[in-house]
Amino acid sequence: HSKIKYDSFRKNFYVEPAELADMIEEEVDDLRLDLDGIKIRGQDCPKPVQKWSQCGIPAQTLDVIQSLGYEKPTSIQAQAIPAVMSGRNVIGVAKTGSGKTIAFLLPMFRHIKDQRPLEPLEGPISLIMTPTRELAVQIHKECKPFLKALNLKAVCAYGGSPIKDQIADLKRGAEIIVCTPGRMIDLLAANSGRVTNLKRVTYVVLDEADRMFDMGFEPQVMKIIGNVRPDRQTVLFSATFPRQMEALARKILQRPVEIVVGARSVVAPEVNQIVEIRNDDDKFRRLLELLGDLYDKDEDARTLIFVDRQESADSLLRDLMRRGYPCMSIHGGKDQIDRDSTISDFKAGVVPVLVATSVAARGLDVKQLKLVVNYDSPNHMEDYVHRVGRTGRAGNTGTAVTFVTQEQGRYAVDISKALKLSGQKIPDDIQKLVDEFNEKVKSGKEKAHASGFGGKGLERLDQERDLAR
Ligand code: ADP
Ligand code: MG
């Protein structure tokens, strides 16, 4: 590379819109949570955008997006587009069908249009590699409406069809090549390298990277990439990001930002989460019903019941004892020795039911814990996740039942977020409560609620889980 004289080129086209500049860190964390739980690794990742107009995309491109009927960026697009537009090397991980193609195409068009036009015999500016013919065709097709509007050309090249047609296409000149790695190597070698070359390539995409490496394309990909100028911009998109790929990605992408959408469910799938609207006069009856059902089937089961105050813990304890349930309570009003002995009795099964406040039950790990009841609703998401996470541990299944009163729409917002982020359906009546609360926020009758579970909270949860493993 040191012997080749490369043109200088520009990568950073992104200017943060004023409305995003004003957002504080907690708001950004909350927004990422809302966007299907975006998680970031790497330094200085731009904030996610919420509208197309915030992406720094020129008008002609925006017109095409509008004509395609894409109302707003999908979650991966919302975060990846500003990152790629600012010239960063990006690893984007999001499930199939989440709109990854557009996430690398839009910044790519901006990148290409900034450069001088191709001269005859010059090779492409953008190189998109993908594992299969079908994917190459699909990406090529998705480019088409933009190509017309922007006066650009793209060639699609894959094995299993006559190479001479693709050679002819390339010779006519194209800013973009969408290809499978094997065919790209053939084309680079064709006619002693006179068909195409990588001299002008400054933007490289590895799409469906997990499949590409599964299919054994690593040597070809590395060979091609090794021949592209090192100061290129490289983006990698994938549905999954297995460990082995990490090492590989490190070789290909310098100082990347890693964006993962919805990879982790905040509550383990082993926990069946039930949320019910129950007013105070109905809670106790319902609790007895739940306990009755559980202990009919499983005498050895343990139940943990959460309340919000010490006094409630003690009064619920008395009510349960009267109904014949041996139980104990832990809360901040009891000394440590007392709490420790209660927990060991609970673990040993001396008492099957424990009434607790959140703080007192942090980190509690009891294998036979089958049922968590949030008798009083937790008031933020982090607390909810920690409480219900006391069950469903180490692969065991469990149930978490949460009571929300009609007045607790504010809490329902966070709980429904947790349900969504763990892939569980939100019951209709809870959704209604959430919608009503959000309406009140809009009309100024209520203040918005920060979930208290931003990036830091998620990181802590991850650390805790890693430790548990
Ligand atoms: P992935 O590569 O993540 O599997 P694709 O990029 O193939 O997903 O996109 C899936 C579908 O979503 C495509 O049909 C695409 O046209 C459509 N799509 C992409 N972005 C948007 C958007 N912002 N709004 C609506 N539909 C979109
Ligand atoms: Mg795709």
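What follows draws every value from the coordinates through simple rules; no lab data is involved. Given the structure is predicted, the values throughout are model-derived calculations rather than measurements. Heads up, the Cβs are rebuilt from the backbone with ideal geometry, glycines too, and the neighbour counts pull from every protein chain shown.
Can you give the translational diffusion coefficient of the stretch 348-397 in µm²/s, computed by Stokes-Einstein from the Kirkwood radius over Cα pairs at 25 °C and 0.890 mPa s? This corresponds to a translational diffusion coefficient of 212 µm²/s.
Neighbours of Lys447, meaning other residues whose beta-carbon lies under 13 angstrom from its beta-carbon, give a summed charge of +3 when Lys and Arg score +1 and Asp and Glu score -1.
For the stretch 196-281, averaging the sequence separation of C-alpha pairs within contact (under 8 Å, six or more residues apart) and dividing by the residue count gives a relative contact order of 33 percent.
For the stretch 189-262, state what percent of all Cα-Cα pairs lands in each successive 5 Å bin, counting from 0 Å until the bin that includes the largest distance. Pairs per bin, as whole percents: 3, 13, 26, 24, 17, 9, 5, 2, 0, 0. Here Lys95 is the anchor, and the lysines within straight C-alpha reach of less than 25 Å, apart from those fewer than 8 places off in the same chain, are Lys39, Lys47, Lys51, Lys72, Lys141, Lys144, Lys251, Lys417, Lys420, Lys425, Lys456.
Given +1 at the Cβ of Lys and Arg, -1 at the Cβ of Asp and Glu and no other charges, the dipole of the stretch 331-419 around its Cα centre is 300 debye to the nearest 20. For the chain, the Kirkwood hydrodynamic radius from C-alpha pairs, put into Stokes-Einstein at 37 °C and a viscosity of 0.692 mPa s, yields a diffusion coefficient of 130 µm² per second.
With semi-axes defined as the square roots of five times the eigenvalues of the C-alpha gyration tensor, the equivalent ellipsoid of the stretch 52-207 measures 26, 17, 14 Å, largest first. Look at the Cα gyration tensor of the stretch 264-358: its axes a ≥ b ≥ c give a/c under 1.5, and that counts as rounded.
Ordering Gln233, Pro219, Ala209 by the projection of their Cα atoms onto the charge dipole of the chain, which places +1 on the Cβ of Lys and Arg and -1 on the Cβ of Asp and Glu, puts Pro219 at the extreme positive end. Charges were assigned to the Cβ only: +1 to each Lys and Arg, -1 to each Asp and Glu. The resulting dipole of the stretch 25-84 about its Cα centre is roughly 260 debye. About the centre of its Cα atoms, the stretch 1-149 shows a dipole size close to 860 debye [charges on the beta carbon of Lys, Arg (+1) and Asp, Glu (-1) only; nearest 20 debye].
Computed from Cα atoms, the angle from the helix 100-113 axis to the main principal axis of the chain rounds to 40 degrees. The three principal axes of the C-alpha atoms in the stretch 146-188 carry coordinate ranges of 30, 17, 16 Å, sorted with the longest axis first. Descending by average beta-carbon neighbour count within 10 Å, the peptides 326-332, 114-120 line up as 326-332, 114-120, the highest first.
Between helix 243-252 and the chain there is an angle of about 40 degrees, using the helix long axis and the longest principal axis of the Cα atoms. Centroid-to-centroid, using Cα positions, the stretch 273-337 and the stretch 65-85 are 47 Å apart. Counting only DSSP H runs of at least 4 residues, each contributing -39500 (n - 2.57), and dividing by the residue count of the chain, the helix-based mean residue ellipticity at 222 nm comes to -13500 deg cm²/dmol.
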